[in-house]
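Presented below is the structure to which this report refers.
Just so it is clear, none of the values below were taken in a lab; they were calculated from the coordinates. What you see is a predicted model, and the numbers here were worked out from it, not measured in a lab. FYI the Cβ positions are ideal-geometry reconstructions off the backbone, even for glycines, and counts take in every protein chain you see.
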Amino acid sequence: MKKALITGVNGQDGSYLTEFLLNKGYEVHGIVRRTSSFSRERIDPLQGVNAKNPGKLELHYGDMGDEKNLRKLVEKVRPDEVYNLASQSHVGISFEMPEYSTNVNALGTLRLLEAIHDYAPAARFFQASSSELFGEAEESPQTEQTPFKPNSPYAVAKLYAYWMVVNYRQTYDLHACNGILFNHESPRRGENFVTRKITQTVARISEGLEESLFIGNMGAKRDWGYAPDYVRAMWMMLQQDEAEDFVVATGELHSVRELIEKSFTHIGIQLEWNGVATDEKGIDSKTGKVMVQVNPKYYRPIDIDSVLGDASKIREKLGWEPEVKFDRLVDIMMKADLAVARKHGRDAV
Ligand code: GDD
């Protein structure tokens, strides 16, 4: 039985990857942070030997900030594959917590690489790198050759991790690679990322649980894919004999405004836009009711206007294709959030 060690196992990607690997018969070792509450709703159903799949999941306490503990875990588990998905992953929050973001995202990766170098040098290592490395990119779409110009504490820390992965590959011959992941979403996405915030709020509006959506920069454009497609790419990258870095993206660009419009269409509301900048409002074309308003508190000190990926390399070399693109992604997320909102609506009666 192959052994995989996953940091950030309770996150969106960690939970999808765990399911994927369990279905392939892996023994999955997941690292979870010790907190005072048990917030493990994404992975709890997968624990132990699960009748539905041939693999098994074991959880361990650990923290990217605790070097000794990471070393002990790598020594104990001796994994065949390591997926580093743990991160302070919110770009906006990294401006408020730059040091913490650096400790987890940059030094945490270094600690893990060191532990692997010392205790499991034959393990294959996947690093969840990010399209944020490109910043306001010099070219569009971005490929593996596009220069990096990170413009947030989050991205600078991820850039350090990126180069450490390359460095350990070159210096120690570790099978270590970076997936330069563009935005990827799902019903399991954290509620403070823009896609989930929108689909969740719109679903709640539909059920009468909220009045309107408050949002930041609606002009921002992203290449949004579906998280289960991206964890499949992670695994494919580690099945290669030679470790290489790949862009993982859909190649489609959409704005936050489009995402809002599409989500409202899902509940039968057509929006009309009035006003500019912070005064811009999205209005229900039938009733004239204000459904969307700007709140400058969601603006970032510096933002990236547009991020678009070219995934030709992974398509050509590994045969990876995204199965879900923007339209279907919004449908999937809206359906899931509507089901939750309906349940809340019923419970509230
Ligand atoms: N979160 C959030 N909340 N973003 C908003 C809001 C809001 O209310 N209003 C507008 N936005 C804009 C942000 O300013 C940004 O331009 C865009 O929506 C996307 O924001 P996020 O969903 O927070 O994602 P991100 O692009 O900053 O970063 C995500 O993707 C990266 C690439 O995969 C994160 O998952 C990163 O960890 C990841 O590296």
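Taking the Cα atoms only, what angle lies between the long axis of helix 153-172 and the longest principal axis of the chain, rounded to 10 degrees? Between the helix axis and the principal axis of the chain, the angle is about 20 degrees.
On the principal axes of its alpha-carbon atoms, region 62-137 has extents of 39, 24, 13 Å, going from largest to smallest. Modelled spin-label separation between Lys149 and Ser306, with each label point placed 7 Å from Cα along the Cα-to-Cβ direction: 1.3 nm. Rounded to the nearest 10 degrees, the angle from helix 67-77 to the longest Cα principal axis of the chain is 70 degrees. Shape descriptor for region 198-245: Rg over Rh equals 1.27 (Cα atoms; Rh from the Kirkwood inverse mean 1/r). With 26 Å as the limit on Cα-Cα distance, the pairs of Lys286/Lys335; Lys221/Lys297; Lys158/Lys281 that go past it are Lys158/Lys281. The alpha-carbon atoms of the chain, seen along their principal axes, cover 64, 48, 38 angstrom, with the largest extent given first.
Ordered by the count of other Cβ atoms within 10 Å of each Cβ, fewest first, Ile302, Ile205, Ile93, Ile6 give Ile302, Ile93, Ile205, Ile6.
Helix 194-206 axis versus longest C-alpha principal axis of the chain: approximately 40°, rounded to the nearest ten. On the basis of the beta-carbon distance and an R0 of 30 Å, Asp173 and Ser140 show a calculated FRET efficiency of 0.30.
Distance between the 7 Å Cα→Cβ label points at Asn295 and Glu258: 2.6 nm. By other beta-carbon atoms within 10 Å, ranking Val82, Val330 with the fewest at the front produces Val330, Val82. Farthest towards the positive end of the charge dipole of the chain, among the residues Val82, Leu59, Ile180, is the Cα of Leu59, using unit charges on the Cβ of Lys, Arg, Asp and Glu. A simple charge model with +1 on the Cβ of Lys and Arg, -1 on the Cβ of Asp and Glu and nothing else charged puts the dipole of the chain at about 1080 debye relative to its Cα centre.
Distance from the C-alpha centroid of region 1-32 to that of region 59-73: 16 Å, rounded to the whole angstrom.
Centre-to-centre, using Cα atoms only, region 256-281 and region 295-349 are separated by 16 Å. Magnitude of the charge dipole for region 181-288, about its Cα centre and with charges confined to Cβ atoms of Lys, Arg (+1) and Asp, Glu (-1), is about 340 debye.
Ordering Tyr83, Tyr172, Tyr26, Tyr160 from the fewest to the most neighbouring beta carbons within 10 Å gives Tyr172, Tyr160, Tyr26, Tyr83.
If you take every residue apart from Arg34 with its C-beta less than 15 Å away from the C-beta of Arg34, what net charge results, scoring Lys and Arg +1 and Asp and Glu -1? Taking every Cβ under 15 Å from that of Arg34, the sum is +2. About its Cα centre, the dipole of region 1-106 is roughly 420 debye, where the only charges are +1 on Lys and Arg Cβ and -1 on Asp and Glu Cβ. Using only the C-alpha atoms, the convex hull of region 155-215 corresponds to 94 Å³ per residue. Equivalent ellipsoid of region 131-234: semi-axes from √(5λ) of the C-alpha gyration tensor, largest first, are 33, 16, 12 Å.
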